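Novice: Quick one: the structure is below, and I'll ask about it shortly.
The values are calculated or read from the model by the stated rules, or taken from the named source; none is laboratory data. These numbers come from a predicted model, not from an experiment. Glycine also receives a Cβ, built like all others from the backbone with ideal geometry; neighbour counts cover every protein chain displayed. Ligands, DNA and RNA are stripped out before the accessible areas are found, and what is left, the full protein with its side chains, is counted by its heavy atoms. Shrake-Rupley method; radii C 1.70, N 1.55, O 1.52, S 1.80 Å.
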Amino acid sequence: MKLGYLILLLVTLEFICTVPAANAKSLSLETSRNRRQSSDTQTCTTPRDGRDGLTGPQGLAGMPGTPGTPGRDGQPGTKGENGQEGPTGAQGPSGLNGGGVTYIRWGKTTCSNIPGTQTVYDGYTVGTEHRHSGGGANVICLPKVPQYHAEASTDNPGKAELYGAEYQIWGNQQYLREHHDHNAPCAVCEVSTRSKHLMIPALYDCPDGWIEEYDGWLVAEGTHHVNHKGRITYTCLDKNPDVIPGLYADTNGVLFYHVEATCNGLPCQAYDNRKELSCVVCTK
């Protein structure tokens, strides 16, 4: 309350000292009373500064200022050291089968016991009789139980005939001697995890990166008889072949002879013309 009176007094004094003094310059006052009053008011034109007032209460907070512009990106930090290698994760599921290959294992009734290889079926090794000029040039694996179409007839004089394949073991060779004139079985094999198949003559080991399915003997139709007119593809017979029980007979249908190299166009230093050639079946 006192502060308010003090402020009002100061304002009143300043008003009295300034306004009458200004009016005294323009008015002609003759009375002594007026002169004294004019003189008194003119002496107030230079008031003294008062003492500092008391600190007022804190004002209200101002409005927030506008956001400043974003600062520039800092320099990239130095590259940290590599962390330790984490543990090996669990093995994922097997992928879809994207390929596969089939082959025939000649002389056996089952396929190799190798992961990814399984037997499709087993049967009889057959082909064209060795003296016939016609027929197929290859041997095939005939299933044990055939399926005939309903339209198949029993009267067809024009035909190509199939004969069972027999082992022919001649001379002083003792290995497989007991297989002579026995018929050869076969097994059709599927490899689901590999897509390439290769039969290599004159080797019993596969090249690096290939998996051996089986190794054996290279066989074909004999060439020592002039009446052997048949032609069959060179075939890789399993090294330890089986026989078909109950079919032993010297019928001389398809004949499997060992294959030997000659010195005619081949280096005899490497190829012995007295030894039976090997073979191997590989997949990849």
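Novice: Among the candidates R194, R131, single out the residue that is of a type in the set (K, R) and within 30 Å of K284 (Cβ to Cβ).
Specialist: R194
Novice: Hey, could you check the stretch 220-241 for residues that are modelled with pLDDT under 80 and surrounded by 18 or more Cβ atoms within 10 Å (Cβ to Cβ) and say which is farthest from D122 (Cα to Cα)?
Specialist: This residue is G230.
Novice: I've got another one for you. Of the conditions (1) open to solvent by 20 Å² or more (accessible area, probe 1.4 Å); (2) outside any loop (DSSP other than H, G, I, E, B); (3) over 27 Å from T117 (Cβ atoms), E166 clears all except one; give me its number.
Specialist: That leaves (1) as the condition not met.
Novice: Looking only at the stretch 123-151, which residues are open to solvent by 40 Å² or more (accessible area, probe 1.4 Å) and assigned to a strand (DSSP E or B)?
Specialist: Residues satisfying the conditions are Y124, I140, L142, P143.
Novice: A further question follows. In the list E161, E129, E190, E178, which residue meets the criterion of being within 16 Å of D238 (Cα to Cα) and acidic (D, E)?
Specialist: Details: E161 fails: within 16 Å of D238 (Cα to Cα); E129 fails: within 16 Å of D238 (Cα to Cα); E190 fails: within 16 Å of D238 (Cα to Cα).
Of the residues listed, the single one that is within 16 Å of D238 (Cα to Cα) and acidic (D, E) is E178.
Novice: Here is a further query. Yes or no: the stretch 39-58 includes at least one residue that is at pLDDT 50 or above, more than 30 Å from P185 (Cα to Cα), part of a loop (DSSP other than H, G, I, E, B) and within 60 Å of the chain's Cα centre (by Cα).
Specialist: Looking for residues that are at pLDDT 50 or above, more than 30 Å from P185 (Cα to Cα), part of a loop (DSSP other than H, G, I, E, B) and within 60 Å of the chain's Cα centre (by Cα), one finds none in the stretch 39-58, hence no.
Novice: Could you give every pair whose Cβ atoms fall below 6 Å, whose first residue belongs to the stretch 95-112 and is small (G, A, S), and whose second residue is modelled with pLDDT of 95 or more and part of a strand (DSSP E or B), counting only separations of at least 6 or pairs across chains?
Specialist: The qualifying pairs are G107/L237; G107/D238; S112/E213; S112/Y214.
Novice: From H197, H182, which residue is closer than 19 Å to V126 by Cα and either in contact with an Asp or Glu (Cβ under 9 Å, 6 or more places away or on another chain) or of a type in the set (A, V, I, L, M, F, W, C) (or both)?
Specialist: When all the criteria are applied, what remains is H182.
Novice: Is it the case that some residue within the stretch 265-274 is surrounded by 18 or more Cβ atoms within 10 Å (Cβ to Cβ), among the aliphatic types (A, V, I, L, M) and more than 20 Å from Q173 (Cα to Cα)?
Specialist: No - not one qualifying residue is present in the stretch 265-274.
Let's see how each residue does on (1) under 38 Å from the mean Cα position of the chain (by Cα); (2) loosely packed, with under 13 Cβ neighbours inside 10 Å:
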position: L198; (1), (2): yes, no
position: A202; (1), (2): yes, no
position: D205; (1), (2): yes, yes
position: G209; (1), (2): yes, yes
position: Y214; (1), (2): yes, no
position: L218; (1), (2): no, no
position: V243; (1), (2): no, no
position: K284; (1), (2): yes, no
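Novice: Restricting the search to the stretch 121-155, which residues are of a type in the set (S, T, Y) and more than 49 Å from the chain's Cα centre (by Cα)?
Specialist: Residues satisfying the conditions are S133, S153, T154.
Novice: Which of (1) over 24 Å from G134 (Cβ atoms); (2) in a loop (DSSP other than H, G, I, E, B) does C279 not meet, given it meets every other one?
Specialist: (2)
Novice: Among the residues in the stretch 78-100, are any in a loop (DSSP other than H, G, I, E, B) and closer than 13 Å to V188 by Cα? Let's see the steps before the verdict.
Specialist: Going residue by residue through the stretch 78-100, those that are in a loop (DSSP other than H, G, I, E, B) are 78-100.
Of the ones still in play, those that are also closer than 13 Å to V188 by Cα are none.
So far as the stretch 78-100 goes, no, none of its residues is in a loop (DSSP other than H, G, I, E, B) and closer than 13 Å to V188 by Cα.
Novice: Of everything in the stretch 177-196, what is within 19 Å of T251 (Cβ to Cβ) and open to solvent by less than 30 Å² (accessible area, probe 1.4 Å)? Give them in sequence order.
Specialist: Matches in the stretch 177-196: H179, D181, N183, A184, P185, C186.
Novice: Another question, then. Report, by residue number, each residue of the stretch 110-119 that is assigned to a loop (DSSP other than H, G, I, E, B), surrounded by 16 or more Cβ atoms within 10 Å (Cβ to Cβ) and among the hydroxyl-bearing types (S, T, Y). Spell out the reasoning first.
Specialist: Of the stretch 110-119, the ones assigned to a loop (DSSP other than H, G, I, E, B) are 110-116.
Keeping just the survivors that are surrounded by 16 or more Cβ atoms within 10 Å (Cβ to Cβ) gives 111-112, 114.
Within the stretch 110-119, S112 is the sole residue that qualifies.
Novice: Select from the stretch 72-96 the residues that are within 30 Å of G116 (Cα to Cα) and open to solvent by less than 100 Å² (accessible area, probe 1.4 Å) and write down the one among them that is modelled with the lowest pLDDT. Working first, answer last.
Specialist: Step one: of the stretch 72-96, the residues within 30 Å of G116 (Cα to Cα) are 87-96.
Filter once more, so that each one left must be open to solvent by less than 100 Å² (accessible area, probe 1.4 Å): 89, 92, 95.
Numbers: G89: 84, G92: 69, G95: 54.
Checked the stretch 72-96; the qualifying residue modelled with the lowest pLDDT is G95.
Novice: Further question on the same structure: Pick from T69, T154: which is in a loop (DSSP other than H, G, I, E, B), more than 30 Å from G253 (Cα to Cα), open to solvent by 90 Å² or more (accessible area, probe 1.4 Å) and not acidic (D, E)?
Specialist: So the residue among T69, T154 that is in a loop (DSSP other than H, G, I, E, B), more than 30 Å from G253 (Cα to Cα), open to solvent by 90 Å² or more (accessible area, probe 1.4 Å) and not acidic (D, E) is T69.
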